[in-house]
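Peer 1: Input: one structure, supplied below.
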Amino acid sequence: MALCLAASPFAAVKAYAATSAQSHIDAVLLIDVSNSMKTSDKNKIANEAMKMFIDMLSTQGDKVGIVAYTDKVQREKALLQISSESDKQDLKDFIDGLDRGAYTDIAIGVEEAVKVLQNGSDPSHEPIIVMLADGNNDFN
């Protein structure tokens, strides 16, 4: 399984769009919801970026999952095939319901995002993990 970790959610969508107009993606949006994000992302710009990413996707078969982590997985949404604007709204409502937690362990989040892809991705789709984090990590 090839995997793309994007530095920007918009770069991921642009890279995907440039590959082929006929291909689809299976994306996991990986978000740090630890207490450090209260300072580094007090306006929840990462949440808005995830919602914009979702808005840019096709309603013709792209899939999106979400993993919110601290030092454990706080909340998770398995890959959802986007077939309508209602599906996009469901994902955005999930994002709006995310709360902050304690410490940060990036490895926990990445490991879970990979599992989500392994358990629900379509082999003909391009797998992508988009990580939104401040880079702080409380554990080795």
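The values are calculated or read from the model by the stated rules, or taken from the named source; none is laboratory data. The structure displayed is predicted, hence computed values, not measured ones. Surface accessibility is based on the protein's heavy atoms, side chains included, excluding ligands, DNA and RNA. Shrake-Rupley method; radii C 1.70, N 1.55, O 1.52, S 1.80 Å.
Peer 1: What does the accessible area per residue of segment 27-140 come to in Å², with a 1.4 Å probe and no ligands, DNA or RNA counted?
Peer 2: Result: 48 Å² per residue.
Peer 1: Stretched out fully, how many nm does the piece from E48 to E76 gain, at 0.36 nm a residue minus the Cα gap?
Peer 2: Full-extension gain reported as 8.3 nm.
Peer 1: Could you name the lysines whose alpha carbon sits less than 18 Å from that of K42, not counting residues in the same chain fewer than 8 places away?
Peer 2: K51
Peer 1: If you don't mind, another one. On a straight-distance basis, which lysines could pair with K38 in a cross-link, Cα separation under 18 angstrom, same-chain partners fewer than 8 positions away excluded?
Peer 2: Within the straight-line limit of under 18 Å, K38 reaches these lysines: K72.
Peer 1: List the equivalent ellipsoid semi-axes of segment 100-140 in whole Å, largest first, each obtained as the square root of 5λ for an eigenvalue λ of the Cα gyration tensor.
Peer 2: Equivalent ellipsoid of segment 100-140: 25, 10, 8 Å, largest first.
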